[in-house]
């Protein structure tokens, strides 16, 4: 089975179309990398690129991305609503298939080291790749942003993991890390009462006593006249979709409310849906290798 | 998304290992074809090869298979328990992903025409590719076997679809066709009573009033001390796994019996399991394109 890692680099340009195209074009030109999504936001003045491929392919593509972004983006004149600290702001690596979190941590370290030495850029490792608890949280690293970093970087506790202890003049600093795949999953309820969706969200989310890898809130879908439980599944291998779905079903039933449907926003790894099929069909000795397509040889 | 067609050629050699290896080796040597399975039976004196690939790759691989099988197998001296009429006995093409039944019928016709002209072999099109109702059923075509075919082929209703109206001296005749994917699926019951599995099998199978694309029978699993409903799903797109599973659950409950698990024997197309996930999670506007792996570019 083909190894697949996802990477979701965020870079600080969401307005100049020709700059975005040159950066993304340089990534596309690297062999073996699939560009799954590009979303640019004018207000944030920021673009989010979703890539997938092998370690080698992503390593190459990431270098091409840094090369172009550092040449074309100058944070000294950058304005946008989204907090940022670098021309390339953050680069997470995400295991999807046939690769582990450990592989992604190793890749983050390799990329961080190379970026630091090749581009003289301070690099912070974050989340699963973090070198200390404080640095697990990206928001904590980014606090102060580009403008505040010349002071922050001199504090001993904020010495970069790789690269010079000096902010890159136009490119700032970058966070490189590893994290689980994030599934954006919404469950629609046969009621217009937002308060029911709110109470269900509270029941399933980690912050108020629910599942460890669930963030959730109630949302009113005005157009459809229904309420929705809007969910971020931050580790679908540990808290699977079907378990959350069934808990919502049971909580909703307590109010006499049915689930009318669910939505996957963006993409979902095959394993997350296979796990649901395995669960409901009670398949014994299940393996993704039972799926014909997963047995095809790579050309 | 990569187009995937499956082909399951059966050839009349299950004993001489070197012959089997030469035939399968010739197929493996063709680019773009995955050999998913090879199962040879000494008593049947027959081998079943499971291949997957694009139309072009399968066309090439099939020609290589005929070339070697016709050179190495002589039906005049072939004996085996399984009925057979050709050195290559039957070649079905099966749509798995991104290809339709129509594509497979077209491929069966192309392969049939080429095989007829290249090897002077009479070809019968069967199942979805059949030229008449009588020829849909492979058993009907094969009746009389190799030994009876010199007489049968002269009857006007048994004139071959392609090739000479004369049996190939050593290679006989061949059936080439198109059919849906067959899933072998078993559901295990929390009871040792075979009669309950039998009654459930009767409830779900086509022949006794059940689902159109289900064949089923009760089986005793002596070692585990339980009864099983053993199922062939002959068209999972029209009669899906989850519907059959839920019907078994409901029928079993009528006897106070639970389902302890289910088994997929061999391989299953991704779409069959995604359909189960879609059903149980009630996913709105589902498409296989939501699956990240299905969006990867082919290298």
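The numbers here are math on the coordinates, done by the rules we state, and not lab data. Everything quoted here is computed from the prediction, not taken from an experiment. Virtual Cβ from ideal backbone geometry, glycine too; neighbours counted across all protein chains shown.
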Would you mind ranking A:63, B:233 so that the residue whose beta carbon has the fewest other beta carbons within 10 Å leads the list? A:63, B:233
Which angle between 0 and 90 degrees, to the nearest 10, do you get for helix B:55-72 versus the longest principal axis of chain B when only C-alpha atoms count? 60 degrees
Counting only C-alpha contacts under 8 Å and six or more residues apart, can you give the relative contact order of segment A:83-231 as a whole percent? 25 percent
Output, in nm with one decimal and in ascending order, the distances from the residue B:17 label point to the matching label points of the other copies (7 Å from Cα along Cα-to-Cβ). 6.6
Dimensions of chain B along principal axes (Cα, Å, largest first)? 60, 47, 38
With contacts defined as alpha carbon pairs under 8 Å and 6 or more residues apart, what's the relative contact order of segment A:183-292 in percent? 31 percent
Label-to-label distance, nm, for residues given as residue B:250 and residue B:217 (7 Å Cα→Cβ offset): 2.7 nm
Inter-probe distance in nm under a simple model that places probes 7 Å from Cα toward Cβ, at residue A:67 and residue A:17: 2.6 nm
Distances from residue B:131 to the same residue in each other copy, label points 7 Å out along Cα→Cβ, in nm, shortest first? 7.6
Pseudo-spin-label distance residue B:258 to residue B:145, built 7 Å along Cα→Cβ, given in nm, is 4.9 nm
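Run the numbers on chain A and let me know its relative contact order in percent, using alpha-carbon pairs under 8 Å that are six or more apart.
Working: 629 pairs, mean separation 45.4, N = 299.
Dividing the mean separation by the residue count of chain A yields 15 percent.
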Round to the nearest 10 and give me the degree value, 0 to 90, for the angle of helix A:101-119's Cα axis relative to the longest principal axis of chain A. 20 degrees
Which percent, nearest 5, of DSSP beta bridges in the protein assembly as shown are antiparallel? 80 percent
Report the gain in length on full extension from residue B:192 to residue B:224: 0.36 nm times residue separation, minus Cα-Cα distance, nm rounded to one decimal. 10.6 nm
Quick one: length gained pulling residue A:37 to residue A:120 fully straight, 0.36 nm per residue minus the C-alpha distance? 27.0 nm
Compute the acute angle (0 to 90°) between the alpha-carbon long axis of helix B:194-204 and the principal axis of greatest extent of the alpha-carbon atoms of chain B; round to the nearest 10°. 70 degrees
FRET efficiency for residue B:154 and residue B:81 from the Cβ-Cβ distance with R0 = 30 Å, rounded to 0.05, comes out at 0.60
Just to confirm the numbers: residue A:169, label point 7 angstrom along the Cα-Cβ line, distances to the other copies in nm, shortest first? 8.7
Residues in segment A:40-75 that a label on residue A:232 would reach, taking backbone N under 19 Å of a point 7 Å out along Cα→Cβ: A:40-41, A:44-51
